[in-house]
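Data block below; observations after.
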Amino acid sequence: MVSAPFGRVVVCGVGLIGGSFALALKRQGLVREVVGLGRSRASLEEALSLGIIDSISEGWADALRAADLVLLAMPVGSMTAAMEAMAPHLEPQTLVTDAGSTKRDIVEGIYTHLRAHLDRIVPAHPIAGAERSGASAATADLYQGRKVVLTPLVENSAEALARVREAWGACGAELSEMSPQEHDRVFAAVSHLPHLLAFALVHDIAERANSDELFSFAASGFRDFSRIASSHPEMWRDICIANRHALQAELDTYLSELAWIRALLAQGDGPALEKLFTDARDARNAWLAGHFKA
Ligand SMILES: NC(=O)c1ccc[n+]([C@@H]2O[C@H](COP(=O)([O-])OP(=O)(O)OC[C@H]3O[C@@H](n4cnc5c(N)ncnc54)[C@H](O)[C@@H]3O)[C@@H](O)[C@H]2O)c1
Ligand SMILES: O=C(O)C(=O)C[C@]1(C(=O)O)C=C[C@@H](O)C=C1
């Protein structure tokens, strides 16, 4: 239950994630106007024509005037600069959240550039998305029934935290909280590594002399494994660089697993291979059925 509407909401980076947030709040009747801010005039015009935003702002000074809530939804590598630019214009009533896929770097940026506003900046990460990007991919129900992880700052006021929880909750999300460190470790394993592997496999196939032949026979197994290699390269560059330490650790663990599997193949050890596949299938099926400790 949301206690009061948000009035003026500013979305910086009106793509899949920012656009879906705006549409969800609009559908709930929780916002009087959504102001869009971004890097590309053409994509903001598109968001305007799709009814995702109500106006385009030329800069932070104009956008932040009487703003109730700001969502930062551009690639994580651009967020720190945005924080620096917005700092002089942030008014005392304005709440800020973000949608960045990494959290340690975002929290570091907040402490560097928005120190005077720590009570009301609540970092977040919606665990929902797609390989598609841009305003035209945005939908009002993207967050419905999906998780949003908040990494609140100790300085957050109870009221600010409650209001930001209300905003994401109104989008239909289930909320949880963790530290930025834990967040980045968890998502290195279950989001960032899988994307890296998908990009790597497709890149490897594409670079081969007989890639046309290989692609011509690739079917649904390849399609399922590689779907996320259609994701936005800039976004994933930024995520991988921001979380590179945790990601390298995950990559090392994965390389050990591959080395073990390679050894089983070299030994022709069918039973061990079958056990590994059975364990993996059982684990995935249990995950699909929601059988895991929360
Ligand atoms: N796509 C996903 O599955 C997903 C899921 C959860 C979180 N995220 C995070 O959400 C953010 C946005 O991702 P998306 O999928 O909406 O990407 P997107 O490409 O659909 O949208 C990003 C928007 O930001 C704009 N932009 C780029 N650089 C900018 C800058 N310096 N200043 C202002 N605007 C800028 C782009 O023009 C674009 O409109 C990223 O931080 C990403 O890590 C993405
Ligand atoms: O569904 C997809 O295409 C996604 O990649 C979404 C996904 C993920 O599950 O890894 C990607 C990045 C995010 O930060 C959160 C969600």
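Spin-label model, L258 to D141: label points 7 Å out along the Cα-to-beta-carbon direction sit 3.8 nm apart.
Dividing the helix sum by the residues of the chain, where each DSSP H run of 4 or more adds -39500 (n - 2.57), gives a mean residue ellipticity at 222 nm of -15000 deg cm²/dmol. Net charge of the neighbourhood of A242, taken over other residues with C-beta under 12 Å away and scored Lys/Arg +1, Asp/Glu -1, is 0. Restricting attention to the chain, the count of lysine pairs at 8 or more positions apart or across chains with alpha carbons under 24 Å apart stands at 5. Contact order for the stretch 103-204, expressed relative to its length and based on alpha carbon pairs under 8 Å spaced 6+ residues apart, stands at 30 percent. Counting only protein heavy atoms and a 1.4 Å probe, the stretch 222-294 has 76 square angstrom of accessible area per residue. The charge dipole of the chain, taken about the Cα centre with unit charges on the Cβ atoms of Lys, Arg (+1) and Asp, Glu (-1), comes to about 420 debye, rounded to the nearest 20. Of the residues P126, P271, P180, the one that moves most in a GNM of the chain with alpha-carbon contacts below 10 Å is P271.
How many times 2.2 N^0.38 Å is the alpha carbon radius of gyration of the stretch 7-178? Before the final figure, lay out the partial values.
Values: Rg = 14.2 Å, N = 172, 2.2 N^0.38 = 15.6 Å.
After normalising by residue count via 2.2 N^0.38 Å, the value is 0.91.
For the stretch 115-164, the fraction of 1.4 Å probe accessible surface lying on carbon and sulfur atoms is 50 percent.
Pairs of Cα atoms nearer than 8 Å and 6+ residues apart set the relative contact order; for the chain it is 17 percent.
Rolling a 1.4 Å probe over the heavy atoms of the protein chains gives the stretch 1-127 an accessible area of 39 Å² per residue.
For the stretch 233-294, the share of accessible area belonging to carbon and sulfur comes to 62 percent (1.4 Å probe, ligands and nucleic acids excluded). Carbon and sulfur together cover what percent of the accessible area of the stretch 34-75 at a 1.4 Å probe radius? Carbon with sulfur: 52 percent of the solvent-accessible area.
The values are calculated or read from the model by the stated rules, or taken from the named source; none is laboratory data. Just so it is clear, the model here is predicted, and its values are computed rather than measured. When we count neighbours, we look across all protein chains shown, and the Cβ atoms used for this are built from the backbone with ideal geometry, even at glycine. Just the protein is used for accessible areas: all its heavy atoms, side chains included, with ligands, DNA and RNA removed. Shrake-Rupley method; radii C 1.70, N 1.55, O 1.52, S 1.80 Å.
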